[in-house]
Amino acid sequence: QQQVKQSPQSLIVQKGGISIINCAYENTAFDYFPWYQQFPGKGPALLIAIRPDVSEKKEGRFTISFNKSAKQFSLHIMDSQPGDSATYFCAASDANDYKLSFGAGTTVTVRA
Amino acid sequence: NAGVMQNPRHLVRRRGQEARLRCSPMKGHSHVYWYRQLPEEGLKFMVYLQKENIIDESGMPKERFSAEFPKEGPSILRIQQVVRGDSAAYFCASSPGTGSYEQYFGPGTRLTVT
């Protein structure tokens, strides 16, 4: 069973707009939540990550919001640019063996 | 400052042949993870290795698949007697070691079985 559920499957946003991707998890042992960005034909690149002791983390135009009680976290891409067009994956892991459980991915298209 | 290296980048095998995928972790990293990505799907964990040890192989198919990470040299994912369903992108990721959550991915090997 998929341990991390991601939505939407795809989204289209205008240049300068905000892209929002949501993820939910069931395993309460998860304590590390990264987001990866993947371009076609490339490997996933670590974008930003959060631990459950904070509710928000911001790096540049990318922000993770984390709701521990709801077991949900989301990625916000502010001022979206055409270069942000990619597939984004949320993931989660725990300190048992650090293996990542991935969401199914969201394809983001930013229209100029 | 080389990242995670994987080779070959593309591999074509006929049904029944063996596929051997290599992964060299980032310098200073001693932990390697292998993931498989089927078309239009997310990545699925296969196996977690440290030097000379398999730590977790819960995601590996029980037959035909094996992995190793020898004391010297790259980690190798071996698929024997490949079938069409093995066609996928195989990614390895490395991390510095126990206590480190961050994993850095290589460019992947795209396996096509004809």
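The values are calculated or read from the model by the stated rules, or taken from the named source; none is laboratory data. No experiment lies behind these values; they were computed from the predicted model shown. Reconstructed Cβ throughout: ideal geometry from the backbone, glycine too, with neighbour counts over all protein chains shown. With ligands, DNA and RNA removed, areas are computed over all heavy atoms of the protein, side chains included. Shrake-Rupley method; radii C 1.70, N 1.55, O 1.52, S 1.80 Å.
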Kindly list the number of the only condition in (1) more than 14 Å from every other protein chain (Cβ to nearest Cβ); (2) open to solvent by less than 40 Å² (accessible area, probe 1.4 Å) that fails for residue B:63. (2)
Please indicate, with yes or no, whether at least one residue in the stretch A:50-58 is without any contact (Cβ under 8 Å) to a residue 12 or more places away in the chain and within 23 Å of residue B:93 (Cβ to Cβ). yes
Checking the structure you have, find out if any residue of the stretch B:49-57 is among the β-branched types (Val, Ile, Thr), in a loop (DSSP other than H, G, I, E, B) and modelled with pLDDT under 95. no
Any idea which residue in the stretch B:41-56 is farthest from residue B:87 (Cα to Cα), counting only those that are within 11 Å of chain A (Cβ to nearest Cβ) and charged (D, E, K, R)? B:56
Residue list for the stretch B:81-114, restricted to those being within 14 Å of residue B:11 (Cα to Cα), open to solvent by 30 Å² or more (accessible area, probe 1.4 Å) and in a loop (DSSP other than H, G, I, E, B): B:83, B:87, B:107, B:114
Need at least 1 residues that are open to solvent by less than 50 Å² (accessible area, probe 1.4 Å) per element, so show me which strands (runs of 3 or more DSSP E) inside chain A make the cut, counting only ones lying wholly within it. A:4-7, A:10-14, A:19-25, A:33-38, A:45-50, A:62-67, A:72-77, A:86-92, A:106-111
Residue ID - nearest to residue B:93 (Cα to Cα), chosen from residues in the stretch B:26-48 that are in a loop (DSSP other than H, G, I, E, B) and without any contact (Cβ under 8 Å) to a residue 40 or more places away in the chain: B:27
Say we look at the stretch B:1-20 and pick out the residues that are assigned to a strand (DSSP E or B) and within 14 Å of chain A (Cβ to nearest Cβ); which of these is surrounded by the most Cβ atoms within 10 Å (Cβ to Cβ)? B:6
